[in-house]
Every structure is written in structure tokens, then in C-alpha cells.
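Nothing in this text is a laboratory measurement; each read-out follows from the coordinates by a stated rule. For clarity, every value in this text was computed on a predicted model and none was experimentally measured. In this analysis, Cβ positions are derived from the backbone assuming ideal geometry, glycine residues included, and neighbour counts consider all displayed protein chains.
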């Protein structure tokens, strides 16, 4: 082991294992997660060449091979708990998406939840056994967020009892679904249903797209891969153009809405039935933000502990770059953020299960808040993590640009979370809609409950000019006081957005115009609300920590997280009268002190995330700190080094010499 | 042409051609640039498959082919003006780096500037004729920014009159130089010179690394490609390990320092002689920031004009996404920034040439300021552009992730500018060192000149408690007043950094520790200084614009740039007493008005950047706005679509079915 990184571990003030257990949700969960990881990492069937050295077609090939093995083995081992399946899958694909993701995560669940009993009989077992491999084809080339705008049509023909599916325009071509390009032989196609001359809106149709025997596209089906992307090399995101493709009436998913043989349409009992999946996936993405950022911090902080550069004191050896204040200021707030997001992810998961339980009991009352919370926090955490990964990468100097650092891969794998499952700005505006509705209810005298209950409090309906006369409430050394400050800031920005919207309503042609003309303020209010929730949940988590040493280091991180956010948004806090100018200078100084406090524990804090080297796959982030040796070994295996002389030398450069 | 984008152009209030001429530096320059671009774009020798569909080895191959052609043709056409060579090269490689960059940009110039006459005779013509292909090998695996830490040694052996070159440790392996891996047969190696038992520090040695006939590595030379990176697929960044490699005494570059045959060392007359190149490259990077950001804005704004999504008003057609206030708020400040950086780039280029002229007259007085300015502005503009490219990409929704948008390529090609030619944080600290020195001089009564002259003004040495009593100076509708506000903010932050450093000096073990413990404040001061310079230069540019319509639209952009910066850093302006809380609300409103003012000119403003479709290579950013058709055509050509059925289906998925 590199002596620098060994010394870092010796100097830590707490036992990382205890913190690992906290992150996993208990020692037993840590044990079981490690057991599953060992199953994969020790398995010769999952060994393969470094993906960075392969072409895209080879990467897709390797991913299909591993996915096929994975399905066999998960069933062989009898792993059935969803969290354990997730752990196994993440380990097989090292956190990357894979070609069967949509089959396993969308096609099978949608069949289960939206099929009639007859459809379940017909489709589920073939799909379970991968004779049917399916995907979920919703997004079109010209239509994403606004699903009512989708153009694909399914027109019922009672004479043959079939639906005729069409892509009437180029913008209606299905575009982006994972596994659609090459892997799937079926797709659940979202299309506008027409029957008896009337459009009944979007419905889902099980559509065969490739021959079950030859895997060739069926007549009328134009299907393929949408081409290379920023990352996601293992996935065949695809396009699908349907030209008078006929499918039996029985292929419309008919658990709720129905089309009778004669073409009469039967409405579904409720239109909120697919709400849950979306909320679930968005809640999961919060956890992804935590993981992507904690991996990046692990790599950057370990590397900063073994990298030496420049001189702090003349004549002395080059210091570890982790000793530079600017390096600490880049990385430690992100480390604190990674912890914050882990705890928010745990909360979201718990809340989702609680509210799902309520819904199963017929109580839907928690759904709007969960929906608003998952939308906003999905956007808030992915934006922060997205930018944070790049800060980590660039904090590693030149080597952060090498694929051997793994940081470029973490970024390109993660960044789509800002767009998929609800574009982030749209998500923020959905949360804003909930906040404004709640604000109005509070003003109308209703007593709000849950996370927005702060909008009840009369002092939060601040009058612009009364602020400065209110005594400053913030104690910058007290986390509880900072949570209050974040709360008031959120309340203030919600109120400002509401008032601006009110003014716009008086001038605008329509409610929609007024909303659009206030949307900068609305996004800002949502952002402040989410920030408050994160600080609050981080603070709340501290009370669950029994170990004194762990409690102490997490408290320091939480304070750093809160104060760093205040410093970054100091204008808001000054504007709301929550801070004074002299306090800002105190915060700057306090932040520096906190960086120094965290410094000796930084490596132990990333060790506690407990990513095995095989999971990180980063020469810079190795546990043993032996960075340079492994970079050199990796580089030697690069495809350009398979021959000493590249053929381009003989083809172009030699001949050039004689012409000059 | 897409009717939406045609309408945008019809509604513009100014003639983009006039603005294009302003950006190029005159109508004649625009004409000549276009002439050169046409030479390349019409040339069948430069046609090739979309690079996104090729493997890295194929991309390298294609780049070598084009570079060889390029050299032939530039000489054939007699293009000799550096700007014109740059334009031709950019067009051939579409802004991407290429394998001969280091040969042309570093090896040949270093030979010219640092060779003795005898060395010029021996090496220059073979290098000019590409018999010698060279690179510049400075960075080592363990050493980047701090070049004194480089470990490679060159030990003089008087018995054979040779230098013996060695890489004594793994961290001393040369790492990163472009063209080193496969292309070059020589390298200028930076090494610690040892002669007569003494180390004389870094010197440059022309080192043959591959056989001129067979191109095989020479004995003792371990050379290869460092492996795949985040972008830069066309370049063979390489490693070089030297094991007792002997080169003649005549291969040390001896224009200045010398080693005599007996081993006596002759000092160079000055140690500032390589200063200029570094400053020149950093100044050029400011222009790169402008180009990368303006390309990204062109793509995102054109796409936003043809993309329709959601509904603003019920029942009406989906609006152009450029009509959403949140979309405008993402893109228009970046558009303004791209213009600002173009003008700063022009200024840097002019200043560089002016000061180079002075230096040739023996006047070195302008160098420290230029050095500080180029360091800070390199960091400031690359950080902003780097984040801005990603905002542009994500503003295009899902399609921004497709390689056909070109946005991922713009990002990965640009992002290394944050690290190479001086890591950005280090650059900011170099500028801070100049600012603090200037501040001290001003306090000591010296009269400062140039860009830091604001540190002279007594009112900028603000007393913390006197601020609030000073009347607010800012008129938020007046650009000149905002320039003043930025100036005061910079002065305030320089003073705060100086005071904090003073306090640290009283507590720290050494000056270096005090500097490190103040470095967050120092970076902040540099950042504010650079921000001031950019706003000031943008404002100054307006006075050169004769055309009323162009003047008007650029003034709006300049105001947007300035106010957006105030809003983002409102804490600083409030803290310095330059703004009041009510003014902040006015700024929010004014920003919205400015977005509306810019909206009708947005497409014309990106048209004025005048990127031909062949240069942008983006399906989303096409001039004609026919986005979807071209995405579909592009996707069909993707390598995964070369066969209807991917072989992995038969290899893994078919066999799996029988096992389940």
C-alpha cells in the first residue's frame, strides 16, 4: 500500500465500517451486499477486457453476454429481493445501463400491472423466459416530456379485430427506447387510440417487431439503433417506424381501458394508475445521484492523497495536493453533498414504501406531496451531482481526462439523469406548482401538513420592508438554526414567486403566459425548497447516529454542507434579512476551519462508501493508492499499442516526405 | 428551409453580416475566411465518414491522412499568414486537435527559437519536410504544473560527448505529449541537466525516439499511446520511458544555455525567454472559449427555434421551446457570454501583439500585466464556457446526448483547456499574486497603470463599516455604472483577500502556509477581477460599432451579461454595499425584459457567428432547421445497423431461452 494513503487511514478519528453500516442500513445489509458483490467479482463468467478498449459493437456484445449470464445466475442463486437483484446487476455491469434494462425494468412490470388475466397467460411466461424480449416505446423523435403530443396512431379495424399501427410523420418515429434497436423482439408501443372514428388518447399496445425465429424485423417495421451517444455504449437505444403494422385486438393492454370486438371503447376507472412507477423511478434517481457523486469523490480524494505537486514550503518535498485549501474547497463540500444525498435517498425510499402502503389501503393523500418531492429532488440532486462529478474529474489534473480514471465514464453514465424520467426544469416547475398551490391554501387559512407545513407559519409570509427590523435568527455554528434559515429562505422565495405570478396574471393574456413569465422565479423557489429539504434531512439523520466518533465527523460534514450552501447563495440570505454582512465574513472563516477539521478524515470518509476496486475500475481511485504503476500497465494494453508502428505511418507519412 | 427558422430570420432587427464582419475584424477578413473554408469543404481529399462511426484507431488513421494532405495543400496554395493557416487547419479537422499539432505548434517553433545556428542547419529542414516528426515532451506521469519537479535526467558524459537520458522512476515517465505515442520519431525532451556532478535544472534535448527508416522505437526507448481519453480520439498522446538513451552533445538546444565539450556549463543570459509562448497560447485559449461556446449556442438556439414541446395555451399548437422563459434564461446569458468572450479574445490578441512589439524594442514593462491577465482570463473563460457548453447540451433535451448533435464532441474537445497550459486554479492564483502585489504598491503610494489602476483609487480601499453610508452608485440600466460596480466589487475582494492574508501571516508558520490558507479568497478576488475586465471590454467594444441596429442588439446583450453576473453574485454586491435589496428585485425584472428583447434576434445572433454546417456537423444546429430528417439519415448509417441482426443475438440470447 502507498504509505501516504496508509497514513491517512491511521489518522482517521472514526471507524469507517460503522459509517458503512449506516449507509447500507445496518451491518447485516453490509454483509449481504458484500456477499453478493463477491459472487459477481469472483465469477470467471463476468471477467472481460476493459470496456474502454472495445468498439461500441464489441461493448454491446459484451453487455448482452453478461446480461444473459446474469439472468441465469440470479435465478440459479434464487436472489429475489429487489434490492439484492439491484446490487447483483450493478456489480455485473459496474453501474452501467445494459441492453435488457427496459425488458426487466419496464416491459415485465408493465405486463404485470396493466395486463388482463388472459394477456398475462399469453405473454408473461414467454417474456419471463426471454422468448419475448421487450422494451417500452414511448418517446418519439419530436415528442418527449409532453406525452399528450405523441403522434403514433393505433386505429382499430373491427373487420379483422386488429389494431393498425402507424408512424404518420418523421417526428412520430419512436426514438430513444433502450434495447429497441437490436435486442428486443417486442415493444409496448404508446399510441393514440382511434376507434369508431374517435381518438381516445394514449394507450399501450404489445407490438411484435421482430420475428421470434429469425429475429429479422417484421413487415412494416423499420427498426434500428439510433447511433452513438455521449456514453451508454452498451445500450442499443433504438428507433421504430411503424407502417400499417397490424396486431390482434388482444394486444392492447386491457386491465383498465378496453376496446370491445365491435370497436366500442371502455374507459379506465382512473387515470392516475401509472403515477406510481414514475414516482418510484425518480426517487431511485436521488440514490443514483448519491452513488455517482460518492464514487467520484472516492476517486478524487484518494488520488489527492497520493498525488504530490508544487511546493508549499521552499526546500520541503512536494505536498499531497489534498493539503491545498483550494483542493479541499472543491472536494469536501462535494463529499458532504454525497453524504447528504445518500440520506435523502434513504428517506425517499422509505417514504415511497410508506405511501405505497397507504395507497394499497386506499389512502391517496400522501401522493401529491411525494410526487412533488420526487420531481424536485430528482432535479436538484442530479444537477448538483452532474456538475460535481466534473469538479472531481478536473480536480485530478490531466489524469482525470484519461479513461483509466473512470471519471469520464461516471459522468457520461450519469448525466442523462438530468433529462430522462422528466427533464429537470420541467420537474422543478412541477414542484413549484405544488408549492404555489400549498401557499395559496395556507393563505386561505388551510392548515398544511408534511414538508410544506412551513408555509403555514405567519412569520414566513414576510413583508418586504419588515424584514430588516426582524432580529437575525441565524447562529452560524448551529445546524438547527441553519435549517431554520433555509426554511425561511424557501418560504421567502415561494412568496416572491407567488407575488410575481400574481402581478403577471394582471398583465398576461392567459394563466399559461403568466406562469411562463414567472418561471425563472418558480424554479428558484423549488430549488430553495429542495435545498431546505436536503439540509433538514441531513440534520435529522444525525440524531440516528449512536457512535460518538461517527456522529462528530458527520456533524462537521452537515455543517459544511449547510454553510457552503449559504455562502453560495448569500444574496438570497442577505435579501431575506436572514444574515448580516459581518456574518458572511464569519462564514467564510468558519468554512476554512471546517475544511481543516475534515482533512484528516477525508480518506476514511470515502473509504466508508465501500466501493471495491472492481466497482470503481479507476487507476486513480485504487484503495492501495498505487496509481502510477496501474496507469502504465493499463496504457500498455491500449489498442493503439497492439502494433509498434501504426499503419498510417506507412500509408500517409512516409509518402508525404517524398512530396515535400 | 424549416418555416419556423425562416420566420426567425425575417423578424431580426439587424443584418447579421455586419456583425459577422465585426467578429472577423472586417469585411475583407470575413471574405478571406470564407474563401479558405470553401477550399477545404469543397476538397474531395478531405471527405470522410462521420468520425462518430469509427473506432479510435480508424479516427487516428483518418486524422493522419488529413494532416498529411493539409500540409501539402497549405504549401501548394502558399498560405502563410498564421491566422489563415489556423483557419485552414480548423476547417480540415473541424476544430479538433490532430496528431501533428505538437510538431507544427511546438516542435518547429522551439527549434526556431532555441536552436543554435548549427542546430538549425542540422534539424530544421528535415523537420520542415517531415522526415523528422517531433513533439514536445515536458509533462511526466507524476509532474505537471510544477515543472521544477520533473525527474527525467540528462547526464553529460564527456568521454563520448553524449548526454545519457533516463527516466529514473515510474512517475518520471513522460506522459500526455500529443503525437508522442505513434506519430513522432523525435521529441524535445525536458530533463534535469547534470554535468560535472552538478544539476543545472531543466533543459531541452532533441531526442530521436524512433528509427527514421522503420519507425520502430530505438534501443532504450519505451514509447506508446497512453490509452483512450475523454475525447481527443484523433491524437496519440503518448508515454516515453528512457533507459540510458545516448544522444550527441549537439542535441541539447544551445541558443542560450550551453554545455561545452569538456562538460562545463554556460548559463543562459536570461530565464524569462520562454515566457512569451505560454502567454500567447493562454491568450489564444480565450478565443477558443468564445468559439466553443458560440458553436454550442448556435446549435442550442437553432434547435430551440424548430423544436416544439408542451403547451403554453390550451388548445393551441405546441410552442417553439425558445418561447419558454426558462429556456431563454439558460441560453441568452450564454449567448451574451459568447459575444463577450469573442471581444475579450480580440483584445488579448491585439494586446499580445502590442506588447510583443514593445518587447522587441527592449521594453518588458507590459509583460507582468499581460501574463497575469492571460492566466486569469484563460481560467475565467474556460470555466464559464466549459459549464456553458453542458447547459446548451442539456437544453436540447434527449437529442443533446446524441453524437449527431455534436455537443458531446464540442465538450470533450474543449474541456481540457481547463487543465492544460496551466491548471485553472493555479492560473487564478498567479493572477492573484499580481493583484496583491499591485495592491501593496498602491498602498505604498505607487501610481499603478493599466488594468489594475483601479486599485489606486482611494474610494476602493473601502472600510468595512463605512460602506453602508456611501450612497449606492449603481444605475442598473446603465452599462457604464455597472462596469463601475464590477470594478468596486473587484477592489473590495482584492482588499479582503489582502487583509485575510495579513491576518494569516501573523498566525502561520510561513508565508507559503499563509498564502495557502488564504487561497479561497485569492481565487475569488481573481475571479472578480477577470469578471470586471470582461464587462469592461464588452462595454468598450460597443463604442466601435457604427451600425445602429447592431449597436442596439449588442448593447442589450452587454446589459444582459452584466446584470446576469450581478444576479449570480448578488451576495458580493450586497456585501460591498453596491446594491440595495429593492434593486435586486428590479434586476430580476429587468433580466426578464432583456430576455424578451433578445428573443426575436436570437437566431440572427447565432447566424452572425457564421459557422457553416460542415463546421458544426450537428443535425440539431443545421442552418435550414431540418433536424429530424437528418437525425434519421444519420442514425441509419450507424455501425450497429450494418446488419439487421447483431451477432450477439445468436451467440447469447437464443441459447439463453433454452436454459430458462
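The table below lists the values:
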item: Helical contribution to [θ] at 222 nm, DSSP H n ≥ 4, -39,500 (n - 2.57), averaged over chain B, rounded to 500; result: -16500 deg cm²/dmol
item: Within the range B:221-243, backbone nitrogen closer than 20 Å to the virtual label 7 Å beyond the Cα of residue B:159 toward Cβ; result: B:243
item: Shielding by partners - mean other protein chain Cβ count within 10 Å, residues of B:633-640; result: 6
item: Separation of the residue B:258 and residue A:356 label points, Cα + 7 Å toward Cβ, nm; result: 8.2
item: Principal axis dimensions, the range B:49-152 - Cα atoms, whole angstrom, descending; result: 43, 36, 25
item: The range B:1-104: mean projected area of Cα convex hull, nm²; result: 8.8
item: Convex hull per residue volume in Å³, alpha carbons only, for the range B:150-269; result: 117
item: All Cα pairs of the range B:93-132, percent lying beyond 11 Å; result: 64
item: Inter-chain Cβ neighbour average for residues A:425-433, partner chain, 10 Å; result: 2
item: At 7 Å out from Cα toward Cβ: residue B:261 inter-copy label distances (nm, ascending); result: 11.0
item: Spread of Cα-to-Cα distances over 10 Å intervals beginning at zero, given as percent, for chain B; result: 3, 13, 22, 23, 20, 12, 5, 1, 0, 0
item: Hull-based mean projected area of the protein assembly as shown, where the convex hull spans the alpha carbons, in square nanometres; result: 49.7
item: FRET efficiency estimate (nearest 0.05) - Cβ-Cβ, residue A:318 to residue B:4, R0 56 angstrom; result: 0.45
item: Three principal axis lengths of the range A:333-443 [C-alpha, angstrom, descending]; result: 54, 29, 25
item: Euclidean distance of C-alpha centroids, the range A:403-462 and the range A:45-123, integer Å; result: 31
item: Protection proxy ranking, peptides A:376-383, A:28-35, average beta carbon neighbours within 10 Å, highest first; result: A:376-383, A:28-35
item: Stokes-Einstein D for the range B:256-384, Kirkwood Rh over Cα pairs, 25 °C, 0.890 mPa s (µm²/s); result: 135
item: Using a Förster distance of 30 Å, the FRET efficiency for residue A:58-residue A:218 (Cβ separation, nearest 0.05); result: 0.60
item: Estimated distance in nm for a label pair at residue B:658 and residue A:626, the labels positioned 7 Å out from Cα along Cα-to-Cβ; result: 4.4
item: Antiparallel content of DSSP bridges confined to the protein assembly as shown, in %, to 5; result: 80
item: Computed FRET value (nearest 0.05) for residue A:83 with residue A:365, which takes r as the C-beta separation and R₀ as 35 Å; result: 0.80
item: Shielding score for A:182-190, defined as the mean number of other chain Cβ atoms within 10 Å; result: 2
item: Ordering of A:544-550, A:84-90 by packing [mean C-beta count within 10 Å, highest first]; result: A:84-90, A:544-550
item: Inter-label distance, nm, simple model (7 Å from Cα along the C-beta direction), residue B:32/residue A:547; result: 6.9
item: Label distances, nm, residue B:313 versus same residue in remaining copies, Cβ-directed 7 Å point; result: 7.2
item: Other copies of residue A:512: label-to-label distances in nm, shortest first, labels 7 Å along the beta-carbon direction; result: 6.5
